[in-house]
Amino acid sequence: MPVLVMKFGGTSVATLDRIKRAAKRVALEVAKGYDVIVIVSAMSGKTNELVGWVNETSPLYDAREYDAVVSSGENVTAGLMALTLQEMDIPARSWQGWQVPLITTSAHAAARIEDIPNENINAKFAEGMKVAVVAGFQGISKEGRITTLGRGGSDTTAVAFAAAFDAERCDIYTDVDGVYTTDPRISEKARKLDKISFEEMLELASLGAKVLQTRSVELAMRYKVKLRVLSSFEEPSDNAGTLVCAEEEIMESNVVSGIAYSRDEAKMTLVSVEDRPGIAAAIFGPLSDAGVNVDMIIQNIGEDGLTDMTFSCPTDQVLRAQKALNATKDSGALKFEELIADTNVAKISAVGIGMRSQSGVAAKMFKTLSDEGINIKVIATSEIKISVLIDRKYMELAVQALHDAFELEKAS
Ligand code: ADP
Ligand code: ASP
Ligand code: MG
């Protein structure tokens, strides 16, 4: 039987009624003759609540116990989905990550999938099971501990299953009906894209467009998974949603294809560090050892042998960064006068493969922000993206202004 992977995000399984609605979608695909692997998220809000409980109990928590707690939301929805399908006379059972087993690295809270042996689930399909409901987001390490794949990780579970079972397609059901030129919740002019290239989706995701987890796009690109994003609230249709596909499959696109934002950025400044060889290694080595994901970096011009070093990292890693840098200072390996954390910033990025061949995008972006009176604090660029860090209070204004400036409401 051909296999189909269907992933339902938190809002699509937020209540028993919504689980029923999702189960009806699954029934439609079973009726077409598919063996279906359903990946479920936790009910919306659940994972946030669990993360909150962990932080309240232990701010610098043991990540193994964090995973034990935050993975639990998916167990509930997997069981409920299997029960709902059984009530509809569809042979189904639930699988937690360790039962599959979905084997991951032991990088707790950000584990990577290493292997998904398909024997156990295939044996059940061979016995007549029609739907395997798998708890997304979670796995098991070689040490036998429960792991999670990072926030939004059920998308990655879904794509990894599609690759492991050679699925015909991987459908990601969410609360918007596809991938837009920017978050439709921020700009009402956002336009739904019929197709988007893996490369652009990868950048948008990694720059904050949480509609797909970055790693899921990476896997889909590597294993050539046919990946579709669509809404579980719309009537079923064959060409619904957005197809994430190879660049060659897209005939035309704008120079900039999307604007992403991330409000979870913090700007950290080390004041008066020595301006000497090895200083960057003395700062970023300990940060990396502490698991801090540094993104943008700027070193100011030095004076009197001293300089300021600024970097950005996710807001929830500020505590870890402070601890690592203060410990390095205490050990004598690094001198600085002060460490300033600014958590009132946001990152705004313009993404498009057209930037490879067209110049002027950066200039237009900077001019647009300056016309709105928005000060740019840090800039980073790569082949197909430009990112800036700005005050968070201007985030929505910046997204809307850039969406207008690059005329994203119009198709090319
Ligand atoms: P799920 O719970 O289904 O995984 P998420 O909340 O993780 O859903 O992702 C869907 C959300 O992503 C949407 O509600 C939307 O606000 C946001 N989003 C951000 N950028 C985009 C974009 N470019 N296109 C579509 N949605 C986007
Ligand atoms: N429930 C997890 C989260 O909220 C995983 C997911 O929904 O993809 O991050
Ligand atoms: Mg998600």
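The values are calculated or read from the model by the stated rules, or taken from the named source; none is laboratory data. Because the structure is predicted, anything quoted here is derived from the model rather than measured. Cβ placement follows ideal geometry from the backbone for every residue including glycine, while neighbour counts extend to all protein chains displayed.
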* If you scan the stretch 138-156, which residues turn out to be within 20 Å of SER206 (Cα to Cα) and touching a Leu at 6+ places or on another chain (Cβ under 7 Å)? -> ASP155, THR156
* Asked: Can we say GLY291 is over 27 Å from GLY52 (Cα atoms) and not aliphatic (A, V, I, L, M)?
  -> no
* Does GLU74 meet the test of being under 17 Å from THR156 (Cβ atoms), modelled with pLDDT of 95 or more and charged (D, E, K, R)? -> yes
* Which residues, taken from the stretch 5-26, are within 14 Å of ligand 3 (Cβ to nearest atom) and not in a strand (DSSP E or B)? -> GLY9, GLY10, THR11, SER12, VAL13, ALA14
* Asked: Checking TYR61 against (1) under 22 Å from ILE140 (Cα atoms); (2) of a type in the set (Ser, Thr, Tyr); (3) modelled with pLDDT of 95 or more, which test does it fail?
  -> (3)
* Structure fact -> Picked from the stretch 27-57 (must be surrounded by 19 or more Cβ atoms within 10 Å (Cβ to Cβ) and in a loop (DSSP other than H, G, I, E, B)), the residue nearest to ligand 3 (Cβ to nearest atom) is SER41
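Picking from ALA78, ALA109, ALA82, which residue would you name as being among the aliphatic types (A, V, I, L, M), within 16 Å of ligand 1 (Cβ to nearest atom) and in contact (Cβ under 8 Å) with a residue 24 or more places away in the chain? It would help to see each step written out before you state the result.
Numbers: ALA109 fails: within 16 Å of ligand 1 (Cβ to nearest atom); ALA82 fails: within 16 Å of ligand 1 (Cβ to nearest atom).
Answer to the selection: ALA78.
Residue by residue, here is whether (1) surrounded by fewer than 17 Cβ atoms within 10 Å (Cβ to Cβ); (2) touching a Pro at 6+ places or on another chain (Cβ under 8 Å) holds:
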{"site": "VAL225", "(1), (2)": "no, no"}
{"site": "VAL229", "(1), (2)": "no, no"}
{"site": "ALA266", "(1), (2)": "no, yes"}
{"site": "ASP275", "(1), (2)": "no, no"}
{"site": "SER288", "(1), (2)": "yes, no"}
{"site": "VAL294", "(1), (2)": "yes, no"}
* Might you let me know whether the stretch 206-221 holds any residue that is more than 25 Å from LYS393 (Cα to Cα) and away from ligand 2 (no atom under 16 Å from the Cβ)? => yes
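Might you check whether a residue that is among the charged types (D, E, K, R) and within 16 Å of ligand 3 (Cβ to nearest atom) occurs anywhere in the stretch 108-131? Give the derivation first.
Of the stretch 108-131, the ones among the charged types (D, E, K, R) are 112, 114-115, 119, 124, 127, 130.
Adding the requirement that they be within 16 Å of ligand 3 (Cβ to nearest atom) leaves none.
Scanning the stretch 108-131 turns up no residue that is among the charged types (D, E, K, R) and within 16 Å of ligand 3 (Cβ to nearest atom).
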* What are the residue pairs meeting all of these: first residue in the stretch 21-44, first residue under 16 Å from THR84 (Cβ atoms) and among the β-branched types (Val, Ile, Thr), second residue part of a loop (DSSP other than H, G, I, E, B) and within 14 Å of ligand 1 (Cβ to nearest atom), Cβ atoms under 9 Å, and 6 or more apart or on different chains? -> ILE39/GLY136; ILE39/PHE137; VAL40/GLY9; VAL40/GLY136
* **So PHE125, is it within 20 Å of VAL30 (Cβ to Cβ), within 15 Å of ligand 2 (Cβ to nearest atom) and not in a loop (DSSP other than H, G, I, E, B)** => no
* To do: Considering each residue of the stretch 257-271, count those that are more than 16 Å from ligand 2 (Cβ to nearest atom), over 12 Å from MET201 (Cβ atoms) and modelled with pLDDT of 95 or more, and give that number.
  => 8
* **Residue selected from the stretch 139-166 under the condition assigned to a strand (DSSP E or B), away from ligand 1 (no atom under 15 Å from the Cβ) and touching a residue at least 40 places away in the same chain (Cβ under 8 Å), by the criterion nearest to GLN86 (Cα to Cα)** => GLY139
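Based on what the data block shows, is LYS335 under 30 Å from SER253 (Cβ atoms) and either over 30 Å from the mean Cα position of the chain (by Cα) or not aliphatic (A, V, I, L, M) (or both)? Steps first, answer last, please.
Values: under 30 Å from SER253 (Cβ atoms): no; either over 30 Å from the mean Cα position of the chain (by Cα) or not aliphatic (A, V, I, L, M) (or both): yes.
Judged against the criteria, LYS335 is not a match.
Can you tell which of ASP171, ASP166, ASP175 is on the phi < 0 side of the Ramachandran plot and surrounded by fewer than 20 Cβ atoms within 10 Å (Cβ to Cβ)? Talk me through it step by step, then tell me what you get.
Values: ASP171 fails: surrounded by fewer than 20 Cβ atoms within 10 Å (Cβ to Cβ); ASP166 fails: on the phi < 0 side of the Ramachandran plot.
When all the criteria are applied, what remains is ASP175.
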* Would you please name the residue that is farthest from ligand 2 (Cβ to nearest atom), looking only at residues in the stretch 25-76 that are over 22 Å from the mean Cα position of the chain (by Cα) and among the basic types (Lys, Arg)? => LYS32
* To do: Collect the residues in the stretch 172-226 that are in a loop (DSSP other than H, G, I, E, B), free of Cβ contacts under 8 Å to residues at least 24 places away in the same chain and not acidic (Asp, Glu), keeping them in residue-number order.
  => PRO184, ARG185, LYS224
* Determine which single condition THR174 fails, assuming it passes every other condition in (1) in contact with a His (Cβ under 9 Å, 6 or more places away or on another chain); (2) among the polar types (S, T, N, Q); (3) within 24 Å of ALA260 (Cβ to Cβ). => (1)
